[in-house]
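Enquirer: I'd like to ask some things about the structure below.
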Amino acid sequence: MKYKVQLERTEEGFAVWCPGLPGCWSQGATEEEALGNIRDAIETYLATVADLTKNKVTRIVEVPV
């Protein structure tokens, strides 16, 4: 999957977050480290969502924009 992320330089290095996944943030001393960390954060986020929705009725809908 591909997710858009936003990256911002901070005094400590780089902050990075995924606007499409509320609360999915990370950071790193370098841009490369921050991007690697957000990759891990996204994987963890998606695994948590899968666990929380296990055995629940879910639907996939297409929304035209």
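The values are calculated or read from the model by the stated rules, or taken from the named source; none is laboratory data. Remember, predicted model here, so these are calculated numbers, not experimental data. Cβ coordinates were reconstructed from backbone atoms using ideal geometry, including for glycine residues, and neighbour counts include every protein chain displayed. When the accessible area is computed, the model is the full protein with side chains, heavy atoms only, and any ligands, DNA or RNA have been set aside. Shrake-Rupley method; radii C 1.70, N 1.55, O 1.52, S 1.80 Å.
Enquirer: Extension gain residue 54-residue 10, at 0.36 nm per residue separation less the Cα-Cα distance, in nm?
Expert: 12.1 nm
Enquirer: Mind listing P(r) for the chain? All alpha-carbon pairs, 5 Å bins, whole percents.
Expert: Each 5 Å bin holds this share of Cα pairs: 4, 17, 22, 20, 15, 11, 7, 4, 1.
Enquirer: Enter the accessible area per residue of the chain (Å², integer; probe 1.4 Å; all protein chains in place).
Expert: On a per-residue basis, 87 Å².
Enquirer: To the nearest 20 debye, what is the magnitude of the charge dipole of the chain about its Cα centre, counting +1 on the Cβ of each Lys and Arg and -1 on the Cβ of each Asp and Glu?
Expert: 520
Enquirer: Express the carbon and sulfur contribution to the solvent-accessible surface of the chain as a percent, rounded to the nearest whole number, probe 1.4 angstrom.
Expert: Accessible surface attributable to carbon and sulfur in the chain totals 53 percent.
Enquirer: For the chain, modelled as a GNM with alpha-carbon contacts under 10 angstrom, which of 31, 11, 43 fluctuates the most?
Expert: 11
Enquirer: Treating the angle as unsigned and between 0 and 90°, give the value, to the nearest 10°, between the Cα long axis of helix 31-53 and the longest Cα principal axis of the chain.
Expert: It is inclined by approximately 20 degrees.
Enquirer: Can you give the local net charge around residue 49? Use residues other than it whose beta-carbon is closer than 14 angstrom to its beta-carbon, Lys and Arg +1, Asp and Glu -1.
Expert: 0
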